[in-house]
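One structure is given below, encoded as structure tokens.
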Amino acid sequence: MSEEFKPRILVFCCNWCAYAGADLAGVSRFQISPHFRVIRTLCSARVDPEWILHAFRKGADGVMVLGCHPGDCHYIGGNYRTRRRMALVRMLLTQFGLNKDRFQLEWVSAAEGEKFARVVNNFVERIKELGPSPYGKLERRERKAV
Amino acid sequence: MAEKIKIALKRGASCVGCDIAIVNFNEELFTLLSVADLVFSPTLLDVKYDDLKKMPDKSITIGFYHGAVRNSDNEEFAHIMRDKCQILIAYGACAHMGGIPGLANVTDKIAIFKKVYKETFSTVNPDGTLPEEKSLDKEGHELTLPRFYDEVYALDDIVDVDYYVPACPPTSDINNKILTVVKEFVEEGKPLPPKGSIIASEKTLCDECERKRSGEIKVDRLYRIQEIAFDEEKCFLEQGIICLGPATRAGCGAVCTAANMPCRGCMGPTASVTEQGASMLSALASVYGMTDRETELSEEDIEKLMMQIPDPLGLFYRFSLPKSQLGRVVKERVE
Ligand code: SF4
Ligand code: SF4
Ligand code: SF4
């Protein structure tokens, strides 16, 4: 490959913990790889599995869902739901033929700016190792948008 | 009496069950034929493909295309039907979403040919002959076969579709709905539904299902239907038998759950979502193995629990894989 691979990574952050953690990482000036985009949701349980699949369809090389630690959810039990769904999402993505590391669920509190930087950096590194997602370069007819 | 309209039926990658579904209009078939002439149907009439090709463009009022698009012949006729018909209906789950043939999107042409023409138990093919698009017979005549595609498509991936009639195959409830629409259009000049409509219900199958629910669904263990003496009145999901009702569009009349079979989702996603698989995944993950000790479970426990769900892809996308977000399976190294 002549050109350096710049992964496209989507990071869903819940408003109350992970997004605040991301903010803290920013104001603390931790070095974070630039290859990701954040989408803020009120709760990690708001992340519909369909969005994750849609992201991969649109060529994302990796998707992360970051929420409050179990027990710390702003909405009491949202993240318990999230981890159930995401366990199944991971199984499904593997069945679709993706490497399981292209998807990750992590808990990041508002105080964990350092952890935010670390998990994102590690994820970006792993995706760089894996290379572009096969869905991004899949040669197929453009299907009618759903 | 109003002038009769012309209708045509054409199959793509179809099991022909959809043609039978039309015959299953039963005595209503006469009602249909009182307002419409069937001008083309390879299954039901003695017609040739050329007959359809020779008809003037837009000379057929309503065309029903059933089956998916999986080879070049299916695709050619999808275009011909589009040209000849004023209104084109994707009839049945295969034309609507890819259906059962669409499950072939877990693999590709090479793997399918290898399996079918070389490896199955009943295959005798010592020379390893595979179908070819062009070949010569002993007399030197050129023989052709349609091109087999790597991927299966729904009808609207190929041509513009006016209406969708879901289900595998469409049930009499749905057929009657079409009949009413067609009859009122022909006899009373009533307008047709807006383009792109799905001729079904806007509700969820559970709303249409008459099995008794206790309220909160809790699934402790999963069973295949033959593994448990289930209660014939109660909701399947509550008894641990996976039923796609919560993620499926109503309109079929919930015929399966009424006949003691859990729903497999042939009506496709509900009106409020686009992805049937993801929506069933969310529904099942939220009720399966829920305990009051949820907070004590580790991530590994949750993973183990979900591993009890066999084949989520096949289960959640049985009829809709080509229309799912990802559409087909890819192969990536696993390490
Ligand atoms: S929708 Fe069902 S009945 Fe109709 S062609 Fe497809 S598999 Fe056969
Ligand atoms: S889950 Fe199935 S059995 Fe239960 S109410 Fe819904 S459709 Fe009926
Ligand atoms: S109950 Fe389910 S599987 Fe049966 S016809 Fe209706 S949607 Fe299809």
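Below are the figures for this structure:
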item: Residue match in the range B:316-325 (condition: at the interface with chain A (Cβ under 9 Å from one of its Cβ atoms), at pLDDT 85 or above and closer than 30 Å to A:His69 by Cα); result: yes
item: Helices (runs of 4 or more DSSP H) within the range A:28-146 that include 3 or more residues among the β-branched types (Val, Ile, Thr); result: A:78-95, A:113-130
item: Selection from the range B:224-278 of residues that are in contact (Cβ under 8 Å) with a residue 60 or more places away in the chain, within 8 Å of ligand 2 (Cβ to nearest atom) and surrounded by fewer than 24 Cβ atoms within 10 Å (Cβ to Cβ); result: none
item: Subset of the range B:59-96 that is within 17 Å of B:Ile174 (Cα to Cα) and part of a helix (DSSP H, G or I) - its residue that is nearest to ligand 2 (Cβ to nearest atom); result: B:Ala93
item: Residue within the range B:287-294 that is in a helix (DSSP H, G or I), more than 16 Å from ligand 1 (Cβ to nearest atom) and out of contact with any Cys (no Cβ under 8 Å at 6 or more places or on another chain) present; result: yes
item: Of residues in the range B:7-33 being touching a residue at least 24 places away in the same chain (Cβ under 8 Å) and away from ligand 1 (no atom under 12 Å from the Cβ), the one surrounded by the most Cβ atoms within 10 Å (Cβ to Cβ); result: B:Ala8
item: Candidate set from the range B:295-315 (those that are under 21 Å from B:Ala167 (Cα atoms) and surrounded by 17 or more Cβ atoms within 10 Å (Cβ to Cβ)); member that is farthest from the other protein chains (Cβ to nearest Cβ); result: B:Leu315
item: Residue in the range B:261-273 that is touching a Lys or Arg at 6+ places or on another chain (Cβ under 6 Å), among the charged types (D, E, K, R) and part of a loop (DSSP other than H, G, I, E, B) present; result: yes
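Let's see how each residue does on (1) assigned by TED's automatic domain parsing to the domain that holds B:Gly63; (2) within 16 Å of ligand 3 (Cβ to nearest atom):
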site: B:Lys134; (1), (2): no, no
site: B:Leu143; (1), (2): no, no
site: B:Pro146; (1), (2): no, no
site: B:Asp157; (1), (2): yes, no
site: B:Asp162; (1), (2): yes, no
site: B:Val165; (1), (2): yes, yes
site: B:Asp173; (1), (2): yes, yes
site: B:Gly196; (1), (2): no, no
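Here is a yes/no grid of residues against (1) within 14 Å of another protein chain (Cβ to nearest Cβ); (2) more than 30 Å from A:Gly97 (Cβ to Cβ):
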position	(1), (2)
B:Asp51	no, yes
B:Lys54	no, yes
B:Lys58	no, yes
B:Asp83	no, yes
B:Gln86	no, yes
B:Met97	yes, no
B:Pro131	no, no
B:Ser135	no, yes
B:His141	no, yes
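The values are calculated or read from the model by the stated rules, or taken from the named source; none is laboratory data. Small disclaimer: the values here were computed from a predicted structure and weren't measured. We place every Cβ from the backbone using ideal geometry, glycine too, and count neighbours over all the protein chains shown.
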